[in-house]
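Rule-based calculations on the coordinates, nothing more; no lab input. What you are looking at is a predicted structure, and each value in this text was computed from that prediction instead of being measured. Note that each Cβ is placed from the backbone with ideal geometry, even for glycine, and that neighbours are counted across all protein chains shown.
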Amino acid sequence: MSGAPRKRPQLSRRARMIWMGVATGLCLTLAPFGAVGALFSPLVFDHQGNILNPLAWIAFLMMVLFWIVCLIGPFGAWVLFKRDKEPLAWAAMAAPLAWLTVLAAILQFIPG
């Protein structure tokens, strides 16, 4: 057994473009749900005292901006992909999922 690291098989650029297209489709599918969430975002202030709760304000802003992240994330990812910065491109493509995860975590701590 040698100490040399194994090489992982690389996908072709065409295959990576296909997967980037699939991820773009998923992000764009989330955008209408984000728009509906933005319409319902003022509901985080329904509980007494939430108007002064900083987490409620953060959740409100994150809900309002989620659909925008769903549109900007793939756009930025394709720009980075075209400039041969694939790790950053995949990070940009994952931004809506990360945004949604943080939003779900914050919403757990808002009373109401």
Work out the FRET efficiency for T29 and R8 from their Cβ-Cβ distance, taking R0 = 30 Å, and round it to the nearest 0.05.
0.55
Ranked from highest to lowest mean number of other Cβ atoms within 10 Å per residue, what is the order of the peptides 31-41, 52-62?
52-62, 31-41
Using a Gaussian network for the chain with springs between C-alpha atoms less than 10 Å apart, which of these wobbles most: A98, A15, A89?
A15
Taking R0 as 25 Å, what FRET efficiency do you get between I68 and V22 from their Cβ-Cβ distance, rounded to the nearest 0.05?
0.70
